[in-house]
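Read-outs: derived from the displayed coordinates by stated rules, not from any lab. Quick caveat: nothing in here was measured; it's all calculated off a predicted structure. Neighbour counts are summed over all protein chains in view; Cβ atoms, including those assigned to glycine, are modelled from backbone coordinates with ideal geometry.
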Amino acid sequence: MRILVTGGAGFIGSNLVETLLKDERVHIVRVLDNLSTGTMKNLEDFFSDERFEWMEGDIRDFETCLKACGGMDAISHQAALGSVPRSIADPLTTNAVNITGTLNMFTAAKTTGIKRIVYAASSSTYGDHPALPKKEENIGKPLSPYAVTKYVNELYAGVYASLYDLELIGLRYFNIFGPRQNPQGPYAAVIPLFVKALLEQKAPVINGDGKHSRDFTYVANAVNANICALFTEKKEAINQVYNIACGEQTSLLTLFELLKTEAGLDITPDFGVTRKGDVLHSLADISKAKSLLGYTPSVSVREGLVRTFEWYKSSVEA
């Protein structure tokens, strides 16, 4: 199979590319990325592989999407502009990348004859729906522009599947973390920020009282879900949306305590204001992904945190 990975220079995308290049079923892995949030450093180990192809370009440009799709058999669409706070600060760019860019990719796939598209959806789609654990069929009102864009992706996927006979599979990621996640900048995710602070022996800032909870999910689990979705031959698994998580609830305070133990430090975090648009609690029901996709989270939150801390530590030392 020849697979296009959009956003392949990013955090999840580059981890996916690494796994695809180790898969004997994969003949070509082509990456399309505009390097707005991804980096060439994430790809540097792959250029020596003759099956790897690099293409710099922006999914907001339809002609670029058409060119990227040429000769491909399937798409893993990871390109997006993440972060709830960023979407609140700049909803226009978030909309352009996440909605227009995704529509461009879906349309380019249709035009070039690609049937299978696996796309990154988001747990933010659950919005204000209070029920826990989160089940795919129960969603509320979105709480941020980012959440709106990811829900619209799912709506377009449903329409394109029914109108154009495409095979679209959405993966609702729940707080993915791990190696290559950027700890820099105002919109960095919480775990790399915690790790960065601990490596610098500084107190991190926790937004709110620290009792917010998430279904933190190590990146290898998200990669596994993408592999399952790209290669599934089960008809009932296609044109579905799935929760991709561990099915475990961890508060920010507990998360920090685990990382603090790994660092061997006794540091007390600082507490800031609760961020606008944040969901208070999140926990996934992953039974649908298990039964239809064959997805199983192989790395626990605790083990994922150990691996992540060691990766950042070795990166700093290098």
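Of all beta bridges that DSSP places with both ends in the chain, some 5 percent have antiparallel geometry. Quick check on the range 205-318: take the gyration tensor over C-alpha atoms, sort the square-rooted eigenvalues as a ≥ b ≥ c, and tell me if it's rounded (a/c under 1.5), prolate or oblate. Oblate, since a/c reaches 1.5 and b/c is not below a/b.
Considering the options ALA89, SER282, TYR119, tell which one lies farthest towards the positive end of the dipole of the chain, charges being +1 on Lys and Arg and -1 on Asp and Glu at the Cβ, about the Cα centre. So the residue furthest toward the plus end is SER282.
For the range 76-162, just say rounded, prolate or oblate: build the C-alpha gyration tensor, square-root its eigenvalues into a ≥ b ≥ c, call rounded for a/c under 1.5, and beyond that prolate if a/b exceeds b/c, oblate if not.
Oblate.
With a simple spin-label model that places each label point 7 Å from the Cα along the Cα-to-Cβ direction, the separation between GLU44 and LYS235 comes to 4.9 nm.
Over the C-alpha atoms of the chain, the Rg to Rh ratio, Rh being the Kirkwood estimate, stands at 0.95.
Please build a GNM for the chain, connecting alpha carbons under 10 Å apart, and tell me which residue among GLY127, GLY264, GLY70 fluctuates the most. Top of the fluctuation ranking is GLY264.
If I build a Gaussian network model for the chain, linking alpha-carbon pairs within less than 10 angstrom, which residue out of GLU136, GLU200, GLU154 has the largest mean-square fluctuation? Looking only at GLU136, GLU200, GLU154, the largest GNM fluctuation is found for GLU200. For the range 186-289, applying the loop criterion from DSSP together with a ceiling of 16 other beta carbons within 10 Å to the chymotrypsin sites (Phe, Trp or Tyr not before Pro) yields TYR187.
Using only Cα positions of the range 95-248, each an equal point scatterer, no hydration layer, compute I(q)/I(0) via Debye at q = 0.10, 0.15 Å⁻¹ and quote the log10 values to two decimals. Relative scattering, expressed as log10 I(q)/I(0), comes to -0.42, -0.89. The relative contact order of the range 116-267 comes to 28 percent, based on Cα pairs under 8 Å that sit 6 or more residues apart.
Relative contact order of the chain, please, whole-number percent, based on alpha carbon pairs below 8 angstrom and at least 6 residues apart.
17 percent
Can you tell me the 0 to 90 degree angle between the C-alpha axis of helix 101-112 and the longest principal axis of the chain, rounded to 10? Between helix and principal axis, roughly 30 degrees. Among GLN201, GLN240, GLN181, the residue with the largest mean-square fluctuation in a Gaussian network model of the chain, with springs joining Cα atoms closer than 10 Å, is GLN201. Per-residue ellipticity at 222 nm computed for the chain from its helices equals -11000 deg cm²/dmol, with DSSP H segments shorter than 4 residues left out and the rest contributing -39,500 (n - 2.57). If a spin label sat at a point 7 angstrom from the Cα of ASP61 along the line to its beta carbon, the backbone N atoms of the range 17-33 nearer than 18 Å would be those of 31-33. Each part reduced to its alpha carbon centroid, the range 62-115 and the range 212-249 end up 20 Å apart. Convex hull volume per residue, computed on the Cα atoms of the range 50-119, equals 91 Å³. Note on GLU310/GLU257: beta-carbon distance plugged into 1/(1 + (r/R0)^6) with R0 of 30 Å gives a FRET efficiency of 0.95. Extending 7 Å from Cα along the Cβ direction at SER291 and again at LYS115 yields two label points whose distance is 2.6 nm.
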